[in-house]
1. S424 is checked against (1) touching a strand residue (DSSP E or B) at 6+ places or on another chain (Cβ under 9 Å); (2) part of a helix (DSSP H, G or I) and fails just one. What number does that condition carry?
2. Do we find that L427 is closer than 25 Å to K233 by Cβ, under 26 Å from the mean Cα position of the chain (by Cα) and touching a residue at least 12 places away in the same chain (Cβ under 8 Å) in this structure?
3. Which one is nearest to the chain's Cα centre (by Cα), of the residues in region 306-336 that are open to solvent by 80 Å² or more (accessible area, probe 1.4 Å) and free of Cβ contacts under 8 Å to residues at least 12 places away in the same chain?
4. Hey, any hits in region 61-81 for a residue that's surrounded by 14 or more Cβ atoms within 10 Å (Cβ to Cβ) and in contact with a Pro (Cβ under 6 Å, 6 or more places away or on another chain)?
5. Given the residues N348, N414, which is the only one that is among the polar types (S, T, N, Q) and either in contact with a Gly (Cβ under 6 Å, 6 or more places away or on another chain) or surrounded by 16 or more Cβ atoms within 10 Å (Cβ to Cβ) (or both)?
6. Evaluate region 236-253: report whether one residue or more is in contact with a Phe, Trp or Tyr (Cβ under 8 Å, 6 or more places away or on another chain), among the basic types (K, R) and closer than 30 Å to L87 by Cβ.
7. Which residues, counting only those in region 196-228, are hydroxyl-bearing (S, T, Y) and closer than 16 Å to V263 by Cα?
Amino acid sequence: MNWLHFFKKKDELKHTFGRSINANISKDEEKLFNKSYEAFEDKEILLAYEYFLKSLINYSNGVSNENVIIKKEDDSLYFEIYQGGALIRGKATKKSLNAEAILCKKSSAHVALKRLILERNYQFTYTYYFSDDEYIKLKLSLDNTTMSPQKLFFPLREIALNADFDKEYIKSEFLDISIEDVSHVKTLSEEELSLKYNFMHKWIDEINVKILSLPSNDNAGMESFILLYLLFKIDYMLVPKFTIFKKSTKKIQEYFSDENLTVEAKNDELREHILELQEMSFDEFRKNFYNAKYTFNPTDKAPNEEIEIFITESLSKIRWYKNNRYNQIIPTMYKYIAMYLLYNYGLNPLTKELLHTLVEIQNPSFFKALGYTPLYDEESQIFAKRAIVSKVDSIVSTHKNHFKKLEPFGDKLNFSSLNELNNSFYLQLKNLNYEEI
């Protein structure tokens, strides 16, 4: 049989936010990982692979997202791993593991793409591109002689992340080439696309008004926070793919990495990109969105100490702006902290869930439009206090089985204003005790 086409597709998708996995790992993830390790030691190779692949399955509301599909047949284990636009199909036997991800048709690849693929091969540790009679594929081949879960995780992560990344890149950079094997991705409804398009324009209009309200002198730093916050917000809340994602990522990277440009010049680059977004037609905008399932996070987990340091330094900047009476930038600064963390750091699930809750509080009109119950009324400036406290405490309590000294902090939040709520939330977040059991 053709193991590359063994499985039927099943998709159950919901709203997703940001680039990391919007789901929970299995409650038995650590146990399954350890069982895999023991099975490899006992030379129960197929059983070891099964345990390991099951440890990668993630869940929403206790139901499997089927981001990993496993099927046994005779002396082989067949599997599929979903990672955005990429679908990795694999086969494991007692001797080896082979996996492939289809990129595009061989006949459509011109010289520029072939050159890119050759360059990419030099960047990989475990995988490589090759072509068969029909497709260009990213391939992984592993020998089972000294296999372990650790030795398996990183190669599978490499093929999944890079197949997804390269498909996105080709779609945005080589407009004449069609990426293949994407029937598993789901288009967004017209209603949701229109909502996102309209909110993007609303946010752009709001930041333009905000920038005009800044002092006429020495405002470059404040303008940077406003512009960067908008791009982080679009990325996390709208989750664009392809061209929008590629160009926004490039502009953000250039802002933080190019030491030869002044802050004013960097701001000009950001404004130019935002103007392109503002002038983008709906037909062009809608091409940059889809829903899919994910298995691996694209960023490595950051130490909690780094998160604490960033929050401390950011709150210190806010105090400086407050002491110097630049009050108009303070609300944006509080929102910037959450979006910066969600954009730049690989967060543990607890931190991510808490920050997402804060984002919901900060952006009630958007989440209400998506069908969520708002946690804050902007007009009356009234919080859904009971709901917020319950949600925060529930998130913290859910993770106490992993972090033994966690304490719920919903009743310690300051609900006197949105700024005070933000400030108290960050203080509690950075003081959480992440000591593991």
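The values are calculated or read from the model by the stated rules, or taken from the named source; none is laboratory data. Computed from a predicted model, the values in this text were never measured in an experiment. A quick note on method: Cβ atoms are made from the backbone with ideal geometry, for glycine too, and the neighbour counts reach across all protein chains shown. Ligands, DNA and RNA are excluded from the accessible area calculation, which covers all protein heavy atoms including side chains. Shrake-Rupley method; radii C 1.70, N 1.55, O 1.52, S 1.80 Å.
1. (1)
2. It is true that L427 is closer than 25 Å to K233 by Cβ, under 26 Å from the mean Cα position of the chain (by Cα) and touching a residue at least 12 places away in the same chain (Cβ under 8 Å).
3. Looking at residues that are open to solvent by 80 Å² or more (accessible area, probe 1.4 Å) and free of Cβ contacts under 8 Å to residues at least 12 places away in the same chain, I get I309.
4. Checking region 61-81: not a single residue is surrounded by 14 or more Cβ atoms within 10 Å (Cβ to Cβ) and in contact with a Pro (Cβ under 6 Å, 6 or more places away or on another chain).
5. The match here is N348.
6. Scanning region 236-253, I find at least one residue that is in contact with a Phe, Trp or Tyr (Cβ under 8 Å, 6 or more places away or on another chain), among the basic types (K, R) and closer than 30 Å to L87 by Cβ, so the answer is yes.
7. S216, S224
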